[in-house]
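A short reminder: the numbers here are calculations on the coordinates, not readings from a lab. Computed from a predicted structure; not experimentally measured. Every residue, glycine as well, gets a Cβ built from its backbone with ideal geometry; the counts of neighbours run over all protein chains shown.
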Amino acid sequence: MLDTVTIKLACSLRIRLPGRQKVSLIPGLKVWADRFGEILEKAEFSLPKLLFGCNGRLLTNQGEIDAALALVSNRLSEIAVVPDLAAWNPRRVDMVWNFELPALPLIMAHTALRVPGILHGATLHNGDQGVSWRGSKSLKMITLYDKARQMRVPGSVLRAEVSLRGKQLLRYLPGETWRSFNPLYRVYRSTLATIPPIQTPAKAATFPEAIGLESREVRGRILARLAHKSSRTFRRYRQRVEAAAAQLERTFSWAEILPEDAPPAAVHVMPRNRARLVGVRRCEEHITEPREQGVTGIKSVLAYRL
């Protein structure tokens with residue numbers, strides 16, 4: 001559930017770092033120091049990558065979130081005087097879940113939808129392999145994309161991501177709720193549930209449904225001829241066309257896909273590289289029985305990274 005987190009800090013460093021530059025301590029953990037390299041100002045970390053060695057895995061319970069954050073705290077404490085978790089100031093929180101659903105047709109079917117509370121419409125990216133909605137100043141974002149394609153593994157896995165920053169983060173996840181599984185899931189579900197359902201059209205019942213049965217290129221050319229229509233009318237046509245193109249067997253609704261009490265069964269996307277999987281197992285063993293490393297070890301890592 002909890003994926004990438006950015007925190008704002010003001011901690012004295014035990015070792016000097018390059019000023020105002022991104023430094024990768026270990027895969028999945030980046031830090032920034034002040035201009036003099038003496039104060040740790042920011043840290044950004046991917047919790048699944050730190051815990052499992054791969055961000056295709058999901059954190060599925062509170063225990064995994066706590067273990068990943070403890071790992072972050074231990075690593076940061078090796079280079080700086082870091083306060084307890086309760087005193088951390090999160091500035092960005094990403095919540096994610098994977099679904100064993102065909103990504104591309106659902107992504108295209110979402111392109112014409114508008115999300116309440118977000119002024120701008122959807123934006124396609126990554127060669128039409130992803131769609132996102134960005135709120136004002138990107139403080140609230142919803143993104144859908146094919147995680148299997150991103151990781152270059154067979155199959156199709158739809159990943160839905162909700163990102164909150166700044167004021168939106170304080171609004172939806174006040175206090176320490178940003179690291180609690182149940183509040184995170186409630187915010188995640190309620191946000192995705194605001195996306196309008198995608199209706200299953202009757203085949204060729206109307207003009208838009210007939211266009212939806214054509215190829216993407218043909219649909220694009222026909223819709224381009226409707227550009228003179230008002231934005232509202234054009235959006236309505238496009239929504240119905242892309243919904244028909246998705247060929248859904250039944251109405252798709254995030255409120256139904258996501259149960260109220262707990263998330264659906266977790267779908268993990270793992271890399272194909274066997275050598276990397278060995279590294280994942282080693283990472284898990286390291287987390288189970290953490291090995292203390294001194295500041296000297298971190299210095300050598302920094303020297304290598306830089």
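Here are some notes:
- Computed log₁₀ I(q)/I(0) - Debye formula, equal Cα scatterers, no solvent, region 25-67, q 0.22, 0.26 Å⁻¹: -0.73, -0.86
- With a cut-off of 11 Å between beta carbons, the residues surrounding S163 carry a summed charge of +1, where Lys and Arg count +1 and Asp and Glu -1.
- Size descriptors for region 56-120, from the alpha-carbon set: Rg then Dmax equal 18.0, 49 Å.
- Subset of K49/K137; K8/K30; K140/K229; K147/K167; K42/K147; K22/K147 violating a 24 Å alpha-carbon distance limit: K49/K137; K140/K229; K147/K167; K42/K147; K22/K147
- Using only side-chain charges placed at the Cβ, +1 for Lys and Arg and -1 for Asp and Glu, the dipole size of region 1-76 relative to its Cα centre rounds to 320 debye.
- Loop GluC sites (Glu not before Pro), region 1-85, which have at most 16 other Cβ atoms in a 10 Å radius of their Cβ (DSSP): E38
- Chain lengthening between F234 and D66 when straightened (0.36 nm per residue, less Cα-Cα): 55.8 nm
- For region 1-147, the Kirkwood estimate of the hydrodynamic radius, built from every pair of different alpha carbons, is 17.1 Å.
- Between L170 and R225, the simple label model (points 7 Å from Cα in the Cβ direction) yields a spacing of 5.3 nm.
- Cα-based Rg / Dmax (Å) for region 93-195: 13.8, 40
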